1. Test each condition in (1) crowded, with 17+ Cβ neighbours inside 10 Å; (2) away from the ligand (no atom under 16 Å from the Cβ); (3) not in a loop (DSSP other than H, G, I, E, B) for Pro165 and report the one that comes out false.
2. Considering only residues of the stretch 43-63 that are assigned to a helix (DSSP H, G or I) and surrounded by fewer than 20 Cβ atoms within 10 Å (Cβ to Cβ), which is nearest to the ligand (Cβ to nearest atom)?
3. Just a yes or no: is a residue in the stretch 19-42 within 16 Å of the ligand (Cβ to nearest atom), farther than 29 Å from Leu211 by Cα and not in a helix (DSSP H, G or I)?
4. Restricting attention to the stretch 83-98, and to residues there that are within 14 Å of the ligand (Cβ to nearest atom) and modelled with pLDDT of 85 or more, which single residue is farthest from Pro165 (Cα to Cα)?
5. For the stretch 175-187, which positions are more than 15 Å from Leu211 (Cα to Cα) and crowded, with 17+ Cβ neighbours inside 10 Å?
6. Which one of Arg193, Arg212 is surrounded by fewer than 19 Cβ atoms within 10 Å (Cβ to Cβ), under 24 Å from Gly45 (Cα atoms), of a type in the set (D, E, K, R) and more than 16 Å from the ligand (Cβ to nearest atom)?
7. Mind checking whether some residue in the stretch 64-75 is within 14 Å of the ligand (Cβ to nearest atom) and either under 29 Å from Thr208 (Cβ atoms) or of a type outside the set (Ser, Thr, Tyr) (or both)?
Amino acid sequence: MSISPILQLDNIEVIYEKVILAVRHISLTVSQHSIVALLGANGAGKSTTLKAISGLANAQRGEIVAGRIAYQGRDVTDTSPGDLVKQGLVQVLEGRHCFAHLTVEENLLTGSFIHKPSREQLSQQLELIYHYFPRLKLLRKSLAGYTSGGEQQMVAIGRALMSRPKLVLLDEPSMGLAPQIVEEIFAIVNQLRQDNGVSFLVAEQNATVALRYADYAYVLENGQINNQGDAQTINQSAELLASYLGG
Ligand code: ATP
């Protein structure tokens, strides 16, 4: 018996403010327990695709005007972001978005409230996150605003994990970070997938690092998928380079 994919997009089209066609004909699949990379240059449509899935495009006056999104086999095209989080689908936004005046631990706790966990579940979940991000345990009482960019990215991912997701949409985790930190973050993502079966759809401009960890990749150019394949094949394809250089 084949396992159904955790996420399937069928011909998605998103328009902002009734006129700006940001993405079109986006069909993609994320298999259970996999890491899928969504690659492309600035403005290619990566964030829009993720926001369409998580329901956040709506909040920015974006609208899915065509297509269907299935999560765990169910149509979630019009499901609200809050309901999706309850079902285990969560997005980590580009730019990290920590609460600067809250401590690292308080930031993490904000990720859990939707499930109203017991005190015991909460501390178990925190311990799990500290296991993967030992640096956050050391910093748990520090104000998030005083931590480094890499640590804030870890807080943002950790906060998403507090809701015990099955699928995480990760937008540009490498943005503005030193190569060593980027590597560390991707290695943790990979470990989370291996140990806990969490699936990841990762939007990245940094194709080199994303392809090292991804199983499969889609390349976006001008709002459309122009190439796809297993990560190794994509890594060797000339079209990948072309799409980054604008054809
Ligand atoms: P980046 O890495 O720079 O975020 P991206 O690949 O994620 O790039 P998107 O942010 O999805 O690309 O942008 C795709 C297109 O949609 C761009 O032309 C962009 O200007 C447009 N766009 C994105 N957000 C909005 C918005 N809120 N309102 C209007 N147009 C938008």
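The values are calculated or read from the model by the stated rules, or taken from the named source; none is laboratory data. All of these numbers come straight from a predicted model, not from anything done at the bench. Note that we place each Cβ from the backbone using ideal geometry, even for glycine, and neighbour counts take in every protein chain shown.
1. Condition not satisfied by Pro165: (3).
2. Across the stretch 43-63, the extreme among qualifying residues is Gln60.
3. Yes, the stretch 19-42 contains at least one residue that is within 16 Å of the ligand (Cβ to nearest atom), farther than 29 Å from Leu211 by Cα and not in a helix (DSSP H, G or I).
4. Per the stated criteria, the residue is Glu94.
5. Answer for the stretch 175-187, where residues must be more than 15 Å from Leu211 (Cα to Cα) and crowded, with 17+ Cβ neighbours inside 10 Å: Leu177, Ile181.
6. Among Arg193, Arg212, only Arg212 is surrounded by fewer than 19 Cβ atoms within 10 Å (Cβ to Cβ), under 24 Å from Gly45 (Cα atoms), of a type in the set (D, E, K, R) and more than 16 Å from the ligand (Cβ to nearest atom).
7. yes
Residues checked against (1) farther than 29 Å from Glu13 by Cα; (2) among the small types (Gly, Ala, Ser):
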site: Lys166; (1), (2): no, no
site: Leu169; (1), (2): no, no
site: Ile188; (1), (2): yes, no
site: Gly223; (1), (2): no, yes
